[in-house]
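Below you'll find the structure, written out as structure tokens, and then a few comments.
The values are calculated or read from the model by the stated rules, or taken from the named source; none is laboratory data. This one's a predicted model, so the numbers in the text were calculated from it and none came from an experiment. Glycine also receives a Cβ, built like all others from the backbone with ideal geometry; neighbour counts cover every protein chain displayed.
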Amino acid sequence: MVSLSRFFFRPEKEDVDRAFRILRNISGGALRASGVQFGYLYEEEPYSGGLLLELGMLDEFREYGMKLASFFHSRGGVKRIITVDPHTANALNRLRSLVGLEAEVIPYLKLIKPRISGRFAIHDSCLYSRHLGMREDIRAMMRTAGAEVVEDQIVTSRSGAVCCGAPLGGPLSTDLSDSIARHRAESLGRLGTQVISFCRSARAACRGTASRQGTSLR
Amino acid sequence: MMGGQWDVAIERALQNNIPRVEQILSENPYILDLAREIRETKLAVLEHLDDYVQKTIRAVERTGGRAYLARDAEEARKIVDDIIGERKRVVFSKSNVAYEVGLREHLVSRGLDAWETDLGEYLIQLTGEPPAHIVFPPALHMPKEAVGDLLNRFLNGAVNSGSTHEEMVAAVRSFLMEKYMKAQVGITGANAVAADTGSVALLENEGNIRMDTVVPEVHIAITGIDKIVPTLHDAMKELIVQAAYGGLYPPSYINISSGPSSTADIELKRVSPATGPREFHVILLDNGRSMANRDPGLREALLCIKCGRCYFSCPVYRVMGASWGRPALRRPPHGRDVVRHY
């Protein structure tokens, strides 16, 4: 998997550092502050296999998933897995039906109680919103946190919002991926608010355009 | 990437469609229930598709029509050729299956005078380009100014890029009216086909389908076997759902054709034809659909009711327009093409 992921995605050092920062903020900050008790396996933390699933390699994903289920079983029967990104949440959820992964899978967003102020347009994660049914949960969390959520029928609605194009970038077409990301960032920017992305890939894909047009993208 | 003219056209289409569909669904919540019911109904048909095809054929023939199962595009074109015979003048309503089998181009290449009567599809015929959308409007990629320029060339200067929308529509109507009145054959698709009555159900707003199905002496409906539903009641539900997601609700016209025209107004003796067509033909096209139906993943594609709403939620379509996915983007799924393109 490591060699495969290198072929498709080579993160910049800045992105790696930022990813670790986010992970520390989620684990040591948001989750602990919300009173959640959890364990962490450090170097033994396994990969979800999400890349195989999203590339349509279902047989390989199933095979990898069986090993993963066995790993969790061997670690004392993990009962609950907290995920920190939508791709992992979706992949592990699929493994529950595909290979009988027993652990409950819960995105960290459902556990935290953040405080946020300001007006935001939401760029949904396609997986959270469309596949995992969390669209309204995320809006409720934002409002409870103190944010004003700005909606637009074309740009952020259930039927009007579109993907950032990032998943096309590696395996299919970087040009097309970039064009879609530019289009998405421009649409969000026209709303004149801060933008909060619930997908790390989408933030990475859109940040160049957002920066050029002066949109705050979090 | 298309850019320029496409960006203007797609932005106008989004602004016109998305809020309208949301409003229709919120004001008529029963439509969501109908959509769920239609999905289950179509799944049940696909479980026994061969049986439903035979049932539909028998029902069409009970009402005095003729029904055919075409294995592929070539067979479909041959059936149409045999029905048309020596006739020369044909009008088409927009049909994705006719497009799939290349029917209009085939008839024109044989020297027939064949015209699309859906306004958007008529524009597509004039440009010679593939349609930019499967339903509405096929000429989505053309802003009003481009339409005016096109019509100016083909309608002897009747309108131009500065003409109003109304003037352009009136000019096309005037041209097509002569074609309707002289047509010997009307070719339509079908939004749904009822297996119990053999009825072809068609949805429209322009009135062209009503003309195509009534004025010529022969009506040919060509459609995929995936359009079969068990009953006429199911067909009506499908039309309602499709109209709503198309953003045009209620539809101006719903057409149901069951057999050739007839009357029993003199001594209750059934006489055919009456005012409408003397011949009614239904061609059910397979062209890989049965093969797709055997695959659990591809079967999902056969549930599509072709409302075209998904185009507006597709980021690739928004950016690239009609230049992506040709021909799979706008062609119903069938067999090897599905495997190759999807």
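Being under 19 Å from residue A:167 (Cα atoms), at pLDDT 90 or above and either assigned by TED's automatic domain parsing to the domain that holds residue A:20 or surrounded by 14 or more Cβ atoms within 10 Å (Cβ to Cβ) (or both) narrows it down to one of A:51, A:58, A:92, A:68, so name that one. Answer to the check: A:92. Considered as a group, the residues in the range A:173-189 that are of a type in the set (D, E, K, R) and more than 9 Å from chain B (Cβ to nearest Cβ) include one that is nearest to the chain's Cα centre (by Cα), and that residue is A:178. A residue that is part of a helix (DSSP H, G or I) and under 30 Å from residue A:147 (Cα atoms) cannot be found anywhere in the range A:59-82. When residue B:243 is tested against (1) modelled with pLDDT under 95; (2) farther than 20 Å from residue B:118 by Cα; (3) not basic (Lys, Arg), exactly one condition is not met: (2). Within the range A:188-200, the set of residues being surrounded by 22 or more Cβ atoms within 10 Å (Cβ to Cβ) and either of a type in the set (Gly, Ala, Ser) or more than 23 Å from residue A:83 (Cα to Cα) (or both) comprises A:188, A:197. Of the residues making up the range A:137-172, not one is touching a Gly at 6+ places or on another chain (Cβ under 9 Å), at the interface with chain B (Cβ under 9 Å from one of its Cβ atoms) and among the charged types (D, E, K, R).
Looking across the range B:19-36, the residues that are touching a Lys or Arg at 6+ places or on another chain (Cβ under 9 Å) and facing another protein chain (nearest Cβ under 10 Å) come down to B:21, B:22.
Of the set (1) within 14 Å of another protein chain (Cβ to nearest Cβ); (2) part of a loop (DSSP other than H, G, I, E, B), all apply to residue A:192 but (1). If you go through the range A:83-97 and pick out every residue that is in contact (Cβ under 8 Å) with a residue 40 or more places away in the chain and assigned to a helix (DSSP H, G or I), you end up with 9.
Of the helices (runs of 4 or more DSSP H) lying entirely inside the range B:1-100, those carrying at least 2 residues that are touching a Gly at 6+ places or on another chain (Cβ under 9 Å) are B:5-27, B:49-62, B:73-84, B:96-100.
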